[in-house]
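The values are calculated or read from the model by the stated rules, or taken from the named source; none is laboratory data. The structure displayed is predicted, hence computed values, not measured ones. So basically every Cβ, Gly included, is an ideal-geometry build from the backbone, and we count neighbours across all protein chains shown. What goes into the accessible areas is simple: the full protein's heavy atoms, side chains included, and nothing from ligands, DNA or RNA. Shrake-Rupley method; radii C 1.70, N 1.55, O 1.52, S 1.80 Å.
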Amino acid sequence: MESSKPAFIYTAAAFLGALALWELTARFSGWSAQIFPGPGAVLASLIELTGNGTLIRHSIASLYRVTAGFYLAMFLGIPLGMCLGRCKPLRLMINPVIHFLRPISPLAWIPLSMLWFGIGDLPAIFLIFLSSFFPLLVATTIAVRSINPVYFQVANNFNFSRLESFTKIMVPATIPAIVTALRLSITIAWLVVVAAEMIAVQSGLGYLILDSRNALRMDYVMVGMVVIGVIGLLLDYIMRQLMNIESAAWGTLGHK
Amino acid sequence: MGHILIENLNKEFIERRQHKRDKEGRPESDRTVTVLEDLDLEFEAGEMVCILGPSGCGKSTLLRIIAGFEQPSSGRVLQDGRQLSKPSPDNIFVYQHNGLLPWMTVWQNIELGIRRLEDPVEQEETIQEYIDMVELEGFEHHYPHQLSGGMQRRAELARALVVNPEMLIMDEPFSGLDFLTHMKMREEVVNMHLYLGKTILLVTHNIDDALIMGDRVVILSGRPAQVKLNRKLDFPHPRDPKTAPKLQELREEIFFMLGVSYAV
């Protein structure tokens, strides 16, 4: 039965249920509070780490790396994907290389990226770049190739310049697919940044988790995990706002 | 303007069949398919030419070659003595469906035709004039998917006409429309033709469309397409095959020619 209760009530109920389960497990599993801290302890640590600025510092460090790597992937992957989609010889040349490199996990690049870029932000940014570059590139290539050829005929018929074909056909036709790819790849990028930070850097949420483990502070580890989840939600929310651009491009805004 | 001469036109393409297997399991060899063979046709300027023929006979290929979207294997198409080889705004193609750019409103789509016009006031007035002509007032800022099939075709017609082309090339412009919309669109295209006098090439499956609209009816045979009938129709508009005995006669002849033994 369709209920008239607002949707957030269900979301809140699910989160409360998860919290209760967590609390019960912490209390009755037999693990000590050091190994399995309950929600109360984690909340206290969360307040502590927020108060002394640690959490903000690490979050900003992680977000900076994701933003840098992700923008790099966008500005290289999407244009290259457009070229590959339109130019068959280029596609025949480059596609096999891409499909060879694509299944190699970004984490497999950690040793090389540390050697090449040293310790610091660069290797992490490089890994983020790798993780989002290939999905964006492939999605854009496919999006361009699946543009209805009729639209290019219209472009020829109305004497479009190359620039016009690009701005009036290729960009609007591929926006929906590219926005979807952006949503998917920001999630992957966020997964990868945490892993990268466990190895090559001295800051970021991944580092916070690793460092807290070494100090046997499982409450801090859990704070790190919670914050990663919350920021992941926020990133997805931001990317979902891009859907409005997609809708605007195709005029489906009024149809939701 | 708009005299069309088609000389010795041939179109072949190679059908890839390597992925198919014959009875012994060997890959089949590619084969050449002839779509158009030694086609000679001449249309007078300002004529409405209706092209009929069985499905897959190459009618659409012929239109795409005339529009310059495809190149013939040999032969040529001359427009007022000049060879046609590439698409140009002189000859606007009107599609079966979805020819409008879906990410642009009706207004923006029609604007495409005169986007280089320098005077913005003149541009705006012209667009509005054509929107009024196809009776889409109030839908200027709708997107194609918000319009009915008939309205989409009318918007596309406006986009084609605003360019003031020499020729319109229409590939089954009424297919997929409901009966009443079909009748109404047909009437509108006839009126538009009588009023503007542009050369129109129109492919259709509907024999009555051809008889009611055409100044000339061309019937192509099945693949490879050759001209089976090329007849000028000198009947005044509005026409009705049911009351004009000569049209009725021709109608039966065409049905017979297309392989139906009696007119429906």
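Could you tell me whether any residue of region A:52-59 is within 15 Å of residue A:212 (Cβ to Cβ), among the hydrophobic types (A, V, I, L, M, F, W, C) and over 24 Å from the mean Cα position of the chain (by Cα)?
no
Out of everything in region A:159-178 that is surrounded by 19 or more Cβ atoms within 10 Å (Cβ to Cβ) and in contact (Cβ under 8 Å) with a residue 40 or more places away in the chain, what residue ends up being nearest to the chain's Cα centre (by Cα)?
Ranking the candidates gives A:178 first.
Would you confirm whether or not region A:83-104 contains a residue that is under 22 Å from the mean Cα position of the chain (by Cα), within 27 Å of residue A:210 (Cβ to Cβ) and not hydroxyl-bearing (Ser, Thr, Tyr)?
Within region A:83-104, one or more residues are under 22 Å from the mean Cα position of the chain (by Cα), within 27 Å of residue A:210 (Cβ to Cβ) and not hydroxyl-bearing (Ser, Thr, Tyr).
Check residue B:119 against each of (1) at pLDDT 90 or above; (2) away from chain A (no Cβ under 14 Å) and name the one condition it does not meet.
(1)
How many of the residues making up region B:133-165 are within 11 Å of another protein chain (Cβ to nearest Cβ) and without any contact (Cβ under 8 Å) to a residue 24 or more places away in the chain?
1
Can you spot a residue in region B:76-86 that is in contact (Cβ under 8 Å) with a residue 24 or more places away in the chain, away from chain A (no Cβ under 11 Å) and closer than 17 Å to residue B:227 by Cα?
So far as region B:76-86 goes, yes, one or more of its residues are in contact (Cβ under 8 Å) with a residue 24 or more places away in the chain, away from chain A (no Cβ under 11 Å) and closer than 17 Å to residue B:227 by Cα.
If you check every pair at least six apart or on different chains, which have Cβ atoms under 8 Å apart with a residue in region A:94-123 that is touching a residue at least 12 places away in the same chain (Cβ under 8 Å) and under 21 Å from residue A:80 (Cβ atoms) first and a residue that is open to solvent by less than 50 Å² (accessible area, probe 1.4 Å) and of a type in the set (Phe, Trp, Tyr) second?
A:98/A:134; A:101/A:134; A:102/A:134; A:109/A:126; A:113/A:126
Those residues that are at pLDDT 90 or above, part of a helix (DSSP H, G or I), open to solvent by 60 Å² or more (accessible area, probe 1.4 Å) and of a type outside the set (Gly, Ala, Ser), I need them from region A:24-55; list them, please.
Across region A:24-55, the qualifying residues are A:24, A:43, A:47, A:48, A:50.
Please work out if residue A:193 is of a type in the set (Val, Ile, Thr), at pLDDT below 90 and under 30 Å from residue B:105 (Cβ atoms).
Taking the combined requirement at face value, the residue does not satisfy it.
Name the helices (runs of 4 or more DSSP H) wholly inside region A:147-226 in which the number of residues that are within 11 Å of chain B (Cβ to nearest Cβ) is 3 or more.
A:149-157, A:171-197
Does region B:35-68 hold any residues that are open to solvent by 40 Å² or more (accessible area, probe 1.4 Å) and not in a helix (DSSP H, G or I), and which are they?
Result: B:37, B:38, B:40, B:42, B:44, B:45, B:54, B:55, B:56.
Please go through region B:41-60 and pick out each residue that is on the phi > 0 side of the Ramachandran plot and modelled with pLDDT of 85 or more.
Across region B:41-60, the qualifying residue is only B:46.
How many residues does region B:87-113 contain that are under 17 Å from the mean Cα position of the chain (by Cα) and either part of a loop (DSSP other than H, G, I, E, B) or more than 7 Å from every other protein chain (Cβ to nearest Cβ) (or both)?
Of the residues in region B:87-113, 12 are under 17 Å from the mean Cα position of the chain (by Cα) and either part of a loop (DSSP other than H, G, I, E, B) or more than 7 Å from every other protein chain (Cβ to nearest Cβ) (or both).
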